[in-house]
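> Got a structure for you, questions after.
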Amino acid sequence: MVALVNGQATLLERDLPFVELSLIAQADRRSPDPAYGGHSWFARRPPGAMRGLLLAAALPHDTSRADYWRSFASDEPMLSGLRAHDPFAGGGTILVEAARLGAEPSGMDVDPLAVQIVKHELHPPDAAELKQTAAKLAKFVQAKCGHLYASTRRGWTPLHYFFVHKVTCPACNQANLLYRDLVIARDLGKRGGVQRDGAVHAFCPDCHRVHKYADPNRKTLNCCGRARSLYDGSFSAQSFKCQACGTASMHADLKTAVSPRILVAVEETRDGEYRRIRAPSKSDRELLSDAHRHLRRNRRFLALPGGRFKTGRIDSRPLSLGITKPAQLFTDRQLSVFGRGFRWLEETEMSPSIRRALTLGLSNALATNNKFCGYARDYGRIAPLFSVRGYSLPALSVELNPFHPKAGRGTLPRIFERLVRSCEATEVRRYVWSAETKSPSPQMMKFKPFRAQTSIRCESAASHNDGDRSSVDLCVFDPPYFDYIAYSELSEFHRAWLDSKRLGGTPLLPDAADPVGSFATSLADCLKAISQRLRAGRPLAFTYHAATSDAWDAVGQALDASSLMVTALWPLRNDIHMGHHTASGNCEWDVVVVCRPAIECTKAATRISVDRWREAIGKLPLSEADVSGLTHALAMASNRFGVPN
């Protein structure tokens, strides 16, 4: 157990093993923790890194590395008797890791979706009861809506339906198909990819016939009396070129998301066979018409999302794409399926924790069952909405059969399986640090069931509560970043289906009229409230990244306004991107900013430099954006450093 000595410098302020924690965070990406599988969140912090920060914030500065790593790998409740607070709870990683370490977790978030996710993670229902009730829900919805995804080929089960948009040129009023290229799927032998009986499947934009080629290097498609390049299309560089008049138009000009969708292919499975992709039949198209009629006739039995998306958003999407209402993001079949599911939850008796879990399960399935889902064609998997943390409209969208019993990413069976596993996560494969190999090593960690009292509220981090004054021992958090996505705009996609649609406060976001000043003022309000909750003599720490000086100037102004001094800065590889997440300008390295009230510190100079950090980081990736962020962080803190009195 850890015994706090208030006022004493902590390990977090003197000797955080940030390189090792960064390597653990990287390793844990390949070993997902089921506890966080109940509902996706837009940016979860790596659990191993957060566990490391919490321990370092509690341990005295002279703790040896060997003792630190023994505590890190221990199953014992090392933080028993302590209260750990996260005022920006988000996906709940910090609070779950605190609870696993034996601490009493408390926190808040303005987003009611985040609050429900964290409550589920900290107080999961009985897994057996959840599994049984989930089976009843799935059986009911399939009985009512399964015929909308019926097989139209004997022995074959539909899995994916592929669509392209038919847009109208604003210059000449000519209707054309919008497509990036003609390829639907490829088998390039990538690890984890689906094997098919052909290497390349593509469609003809004139007759919509599907072609299969054995040669993965195939470059052309021959159909309708002409040869076309497989990798040319009417849409490139975010612009559509009209085939009739040559006018270039953007999605905002075309209102692409509400233009007619054309079914161009169906992917099917059969036991003992490779998956196949074929052209849609008349029966496949009739199912779409059936779904439209079914939705119209059964609306009174459905719990559907209402309201409209508000204007003046930070991200103009999906409004700029033509979407004004949440319901427009879904097909008639999807509205029927989820409308039935959410209504069943409203009308069926069950315990509050089971209802919350199944509500989150259906909500989680929305991300893989909507019109904005793409297709990872080299792997044969659906690409969910928000897989790139924003509303991104794919040129080739895919609709999943949510009832497929075996295949498919995001089907109801798969979603409910993950949901049940999230309630059973008491023994988890995680990475710890091996002193022998000097590298992360996998270990089965046994976590005791959460018994500590918790308080998770839907309110702003800036809110004051006299009952919380001087009650927090550890405070580690990850606030919204200055120039990042507004998660409240993304969660609205889910909240539109839930009872709690309104936010519990104003999100921490910059005002366009005065971005630096407004963000600094709002962050300072949060830091003041957080400082009041923290016991005297204890540091607070938050992770933050940005590649611009404005973003770090805002942090500096907030620290000044809340009378805090910086007692340590550490780089931490905390946001490890993969695949299509990677883009120029992304930061993968956070900076851990450790602070104390100025009255508890003596001003001091720092010997930290980016060069010393880079030397310690060694061969780990460090982009130009990361270097810029680290440089600006040091500049911000240069006149604000202090040591505990």
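> Sorted by mean Cβ packing within 10 Å, highest first, what order do the peptides 288-295, 631-638 take?
631-638, 288-295
> A further question follows. For the residue pair K219 and S470, what label-to-label distance in nm results when each label sits 7 Å from Cα along the Cα-to-beta-carbon direction?
Going by the 7 Å Cα→Cβ label model, 7.6 nm.
> Let me ask something additional. I'd like the distance separating the alpha-carbon centroids of segment 280-330 and segment 392-426, in whole Å.
Segment 280-330 and segment 392-426 have Cα centres spaced 20 Å from each other.
> Determine which lysines satisfy two conditions relative to K136: a Cα distance under 29 Å, and not lying fewer than 8 residues away in the same chain.
Candidates past the 8-residue exclusion: K119, K144, K371, K406, K501.
> Over the Cα atoms of segment 267-315, each weighted equally, I'd like the Debye log10 I(q)/I(0) at q = 0.14, 0.16, 0.21, 0.22 Å⁻¹, rounded to two decimals.
Here log10 of I(q) over I(0) equals -0.72, -0.78, -0.84, -0.86.
> Which whole-number percent is the relative contact order of the chain (Cα, under 8 Å, 6+ apart)?
Details: 1299 pairs, mean separation 118.1, N = 645.
Relative contact order of the chain: 18 percent.
> How big, in percent, is the set of alpha carbon pairs in segment 1-76 lying more than 19 Å apart? If you can, show how the numbers build up before the last one.
Details: 1145 of 2850 pairs.
Here the long-distance tail beyond 19 Å is 40 percent of all Cα pairs in segment 1-76.
> So for segment 292-430, what percent of the C-alpha to C-alpha distances run longer than 18 Å? Intermediate values should be presented prior to the final figure.
On the way: 6000 of 9591 pairs.
In whole percent, the long-distance tail amounts to 63.
> Based solely on its DSSP helices, what 222 nm [θ] is calculated for the chain when runs of n ≥ 4 H residues each add -39,500 (n - 2.57) and the sum is averaged over all residues, nearest 500 deg cm²/dmol?
Helix contribution divided over all residues of the chain: -9500 deg cm²/dmol.
> Order of 340-348, 229-237, 196-204 by packing, highest average Cβ count within 10 Å first? Intermediate values should be presented prior to the final figure.
Details: 340-348: 17.7, 229-237: 15.3, 196-204: 20.7.
Final packing ranking: 196-204, 340-348, 229-237.
> Please list, ordered by chain and number, the residues whose modelled amide H lies under 5 Å from the amide H of S434; skip anything fewer than 5 residues away on the same chain.
Those lying under 5 Å, H to H, from S434 are S439, S441.
> Sort 325-332, 59-66 by packing, meaning the average of other beta carbons within 10 Å per residue, with the highest value first. List each step's numbers first, then the result.
Numbers: 325-332: 19.2, 59-66: 14.1.
In descending order of packing, they fall as 325-332, 59-66.
> Only Lys, Arg, Asp and Glu count, each charged at its Cβ (+1, +1, -1, -1), so figure out the dipole size of the chain about its Cα centre, rounded to 20 debye.
Result for the chain is approximately 2800 debye, rounded to the nearest 20.
> FRET efficiency for Q443 and S80, Cβ-Cβ distance as r, R0 = 25 Å, nearest 0.05? Each step should come with its number before you reach the end.
Values: r = 21 Å, r/R0 = 0.84.
Approximately 0.75, to the nearest 0.05.
> Tell me, in nm to one decimal, what length is gained between R180 and A605 on full extension, where the rule is 0.36 nm per residue of separation less the Cα-Cα distance? Display every interim value, and only then the final one.
Details: separation 425, 0.36 × 425 = 153.00 nm, distance 5.50 nm.
In short, 147.5 nm is gained.
Only the coordinates and a few stated rules stand behind these numbers; no lab work does. The shown structure was predicted, so the numbers you read here are calculated from the model rather than taken from an experiment. Every residue, glycine as well, gets a Cβ built from its backbone with ideal geometry; the counts of neighbours run over all protein chains shown.
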